[in-house]
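Here's the structure, in structure tokens; my notes come after.
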Amino acid sequence: GDSVTQMEGPVTLSEEAFLTINCTYTATGYPSLFWYVQYPGEGLQLLLKATKADDKGSNKGFEATYRKETTSFHLEKGSVQVSDSAVYFCALTGSSNTGKLIFGQGTTLQVKP
Amino acid sequence: DTAVSQTPKYLVTQMGNDKSIKCEQNLGHDTMYWYKQDSKKFLKIMFSYNNKELIINETVPNRFSPKSPDKAHLNLHINSLELGDSAVYFCATGTGESPLHFGNGTRLTVT
């Protein structure tokens with residue numbers, strides 16, 4: 001079945017460091033891919049998405065490119081801030097096309113001043 | 001105005017009790033979801049409704065019963081609560097392809 005695998009966390013970085021959070025997927029068909037962010041004590045927020053191969057999603061300095069050949073959707077940011085500390089979830093739409101999202105296990109990012 | 005609001009935010013109860021969690025949205029989205037997040041942050045869909053019609057019903061015990069009285073509300077009723085039901089439950093809404101807005105969650109603790 002469809003699945004999403006993210007890199008294990010926590011990821012600890014200093015402010016202004018470069019961020020990469022790896023995400024790979026297994027899916028039948030052509031899913032849409034998403035990154036969500038969950039700040040402490042809050043619900044998830046959609047960060048960015050890409051709906052087809054080679055699309056790049058971007059928002060708030062974060063970006064991710066839909067790579068069909070490597071089945072990946074890695075999240076990157078050039079310079080992280082303390083306020084980026086959160087849990088990041090990679091997800092894809094399931095093959096049933098019913099709006100069901102399949103999530104990765106989440107990666108905790110801690111940014112230190 | 002909060003786009004997706006859940007009540008209560010915290011719910012502590014004993015095994016065997018019956019409880020409900022309410023969700024309301026003011027976005028006009030057709031689709032509403034319930035997700036469960038376990039202690040390891042793993043998120044899994046439980047149910048989705050589209051225009052009050054049940055679309056997704058994952059392998060959730062039938063002690064869990066969603067109810068959608070109208071497009072703006074999707075409530076979750078849980079009978080005979082068990083320790084393993086302890087988790088954070090998120091309501092979400094979307095326009096069909098994916099959930100776009102999540103509520104802030106209801107932390108359920110069963111003792």
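The value obtained for chain B, namely the Cα convex hull volume divided by the number of residues, is 91 Å³ per residue. Sorting the segments B:24-37, B:52-65 by their mean number of nearby beta carbons within 10 angstrom, highest to lowest, gives B:24-37, B:52-65. What the phi angles of region B:71-83 give under the Karplus curve with 6.51, -1.76 and 1.60, with θ = phi - 60°, is a coupling list of 4, 8, 10, 9, 9, 10, 10, 10, 9, 6, 4, 10, 4 Hz, glycine and proline written as x. Please find the FRET efficiency linking A:T71 to A:T108, where r is the Cβ-Cβ separation and R0 is fixed at 30 Å, and quote it to the nearest 0.05. For R0 = 30 Å, the calculated efficiency reads 0.80.
Over chain B, what is the mean sequence separation of C-alpha contacts under 8 Å (at least six apart), divided by residue count, expressed as relative contact order in percent?
The value is 37 percent.
Counting only other chains, what is the mean number of Cβ atoms within 10 angstrom of the Cβ of each residue in peptide B:51-58?
Values: counts 0, 0, 0, 0, 4, 5, 0, 1.
Mean shielding count: 1.
Just how many pairs of Lys in chain A have C-alpha atoms closer than 20 Å, counting pairs that are eight or more places apart or on different chains? Here the count comes out as 11.
Extending 7 Å from the Cα toward the beta-carbon at both A:D2 and B:S80 defines two label points whose distance is 3.3 nm.
Restricting to region B:1-107, compute how many DSSP beta bridges are antiparallel as a %, nearest 5. It would help to have the intermediate numbers written out before the result.
Details: 36 of 37 bridges.
Around 95 percent of the beta bridges assigned by DSSP in region B:1-107 are antiparallel ones.
Number of Lys-Lys pairs in chain B under 23 Å by Cα, sequence gap 8 or more or different chains? Going through chain B pair by pair, I get 29.
Readers should treat all values here as calculations from the given coordinates under stated rules, not as data from a laboratory. None of the values given here were measured: they were computed from a predicted structure. Glycine also receives a Cβ, built like all others from the backbone with ideal geometry; neighbour counts cover every protein chain displayed.
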